[in-house]
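Here's the structure we're looking at; comments come further down.
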């Protein structure tokens, strides 16, 4: 699709890249090797934290409710304490689920960088080693972590306001947070070109912001489903890589090496 395509057309194309990225990831088991180690780390940390909080914070809550209901019959006090425990557990589970995707993005940064380079070399013929120094790679990883945490901070007010005005707030969040998600998931491919997160804002999608909004909109909707989002995140990284390689104005199609003249 050319850069003159309509805004709705580019928006829908961005959504398609998100879905195609997930499909491409699921279709290539080799890519799973890059995604499984950080996923295992995150799920182990998530399970351990949830267990620890349930054994400390929630048990204290249950005991306090039992004491407050001391004047009530024992069966009723026990039922109220149990209800309070399960309600608090549900809220805690939701809060940790919101953090799960961000934690996976932060832990998975170096793994995703290697995954993107492998994917670009196999699919687009780009060099598997883009020539970036270790210091540059570390700086890029740190920039992604800070950016992901910034997106999480921006998301918290939307989650809270969404309890009162779910439809309106979610649509607004899909535009604001979706764009940030889109930039985050396109970042690894941009880094391989020597670009920065700022370049994704100002250069890479210049004149075609609808592409980025469409891609980010799909990412936002997928991230609303906590467990599904963790499974989908590597595919969304691949989708962002495909978007950068196939639709940005700075993309140059790799050319085969010119054979040297025979003596």
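A short reminder: the numbers here are calculations on the coordinates, not readings from a lab. Just so it is clear, the structure is predicted and the values come from calculations on it, not from any experiment.
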Residue-normalised 222 nm signal for the chain, counting each DSSP H run of n ≥ 4 as -39,500 (n - 2.57), nearest 500 deg cm²/dmol, is -28000 deg cm²/dmol
Connecting C-alpha atoms closer than 10 Å in a GNM of the chain, tell me which of 175, 36, 134 has the biggest fluctuation. 134
Relative contact order of the chain, please, whole-number percent, based on alpha carbon pairs below 8 angstrom and at least 6 residues apart. 34 percent
Options [x] 0.95; [y] 1.10; [z] 1.05 for Rg/Rh (Cα atoms, Kirkwood Rh); the value derived from the coordinates is listed as [y]
Going by a ≥ b ≥ c, the root eigenvalues of the Cα gyration tensor, does the range 15-79 fall in the rounded group (a/c under 1.5), the prolate group (a/b larger than b/c) or the oblate group? prolate
Between the range 205-243 and the range 44-85, what's the alpha-carbon centroid distance in Å? 39 Å
Among 27, 137, 199, determine the one that fluctuates most according to a GNM of the chain built with springs between C-alpha atoms less than 10 Å apart. 27
